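Just so you know, all these numbers are worked out from the coordinates, no wet-lab data involved. Owing to the predicted nature of the structure, the values given are computational and were not obtained by experimental measurement. Note that we place each Cβ from the backbone using ideal geometry, even for glycine, and neighbour counts take in every protein chain shown.
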Amino acid sequence: MKQSEYGLPDKYSYPMLVKVCSSELRLKEGEIVHGSAIRCGVSDDVYVGSSLISFYALVAGYANFGDLENAKRAFESMPERNLPSWNALISGLGKAGDLSGARKMFDEMVERNVVSFTVMIDGYAKAGDMASARALFDEAPEKDVVAWSALISGYSRNEQPNEALLLTCMRSVGTWRKAVKLFEDMPSYDLIPCCSLIQGLSIHGRGVEAVELFNRMLDEGLIPDTVAFTVILTACSRGGLIEDGWHFFDTMKNKYSVVPSPDHYACMVDLLSRAGQLKAAYDLLRSMPLKPHACAWGALLGACKLHGHVELREEVSNRLLELEPEKAGSYVLLSNIYASANQWLDVSIVRGEMKERGIRKIPGCSYIFTEA
């Protein structure tokens, strides 16, 4: 590297240079930058942390592209090793399929954080060894949302939906800011854990954070698939984020060439219905190239009841009954809409049709506690 009119690169320049080289597949240039840092005496400046960051970026770059021997050499030559450098190399070993080597390094760590456990759990899960993943998860002194997501995703990926569902129900949510920060500290992003965390944020009313994480995921170069778009559109629907929802719906088609499925349309209909934009929701359903499924019509019908949209409700209810002629819930919802409008004759007609078809409403029940 040559001296410019502004002088030699300093301890603040090298970390950025090495990171750029690793992210753009320029490993040789990264080695040159690394050597320059050594010659300038910056690589030994552990107290300010620049050498650690430089080495960590270099190790992450080697690990991400499979050059583990160079990654190990860079790691071993570090004057002082920090947690990100350990986690980066463990992640690289796991991605290369060397889980025994990754576990050996994990066991040698003097200090571990949640990222250390999560990297190993994710490695075991991707290798199909869910027993080891669960055992390590249970050993973790601290379990954040990213660790939960890694284990749940592993069960789902390995066709163990019952375990995934159970863990989803058990999962306790801590501080979301801390969870996202820990996620950012991961050596590299992966689509499935990203979607799991986005879904968790969505479920717990953190729609804005879910959108931010999805955008960060795109910035990292991950390519969203049809499931990822279903997750983010659901988050937009739950959070009432209409502009974001339309943006992702358009991006899905125009930028990533993902053909919207009935589920994607249903998410958008639910989003528009919750916002009271019933005409827009109805027009979107009618514009679908595929036949909408009952969930989409049901969301719109429920919104018709909520917002008192008399003109749409009969058309929507008829479409829903065509799709689900034997489902009691559709008839009950239509009956309740008529009842709320004091259209008792229509209520009787709907109930008569239910009786004729042999469809029964599941009765509700209540508990009344009295003193003995």
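Using θ = phi - 60° in the Karplus curve 6.51 cos²θ - 1.76 cosθ + 1.60, the 3J(HN,Hα) couplings for region 265-271 round to 5, 4, 4, 5, 5, 5, 4 Hz; x is entered for Gly and Pro. The fewest-to-most ranking of ASP122, ASP263 by surrounding Cβ atoms within 10 Å reads ASP263, ASP122.
Of the residues PHE106, VAL146, ALA131, the one whose Cα sits farthest toward the positive end of the charge dipole of region 97-148, with +1 on the Cβ of Lys and Arg and -1 on the Cβ of Asp and Glu, is ALA131.
Please arrange PHE249, PHE214 by counting, for each residue, the other beta carbons lying within 10 Å of its beta carbon, fewest first.
Numbers: PHE249 21, PHE214 25.
So the residues, fewest neighbours to most, are PHE249, PHE214.
Residue pairs exceeding 25 angstrom between C-alpha atoms, taken from LYS126/LYS291; LYS104/LYS143; LYS143/LYS255; LYS126/LYS253: LYS126/LYS291; LYS143/LYS255; LYS126/LYS253. Arranged from fewest to most other beta-carbon atoms within 10 Å of their beta carbon, MET109, MET354, MET268 become MET109, MET354, MET268.
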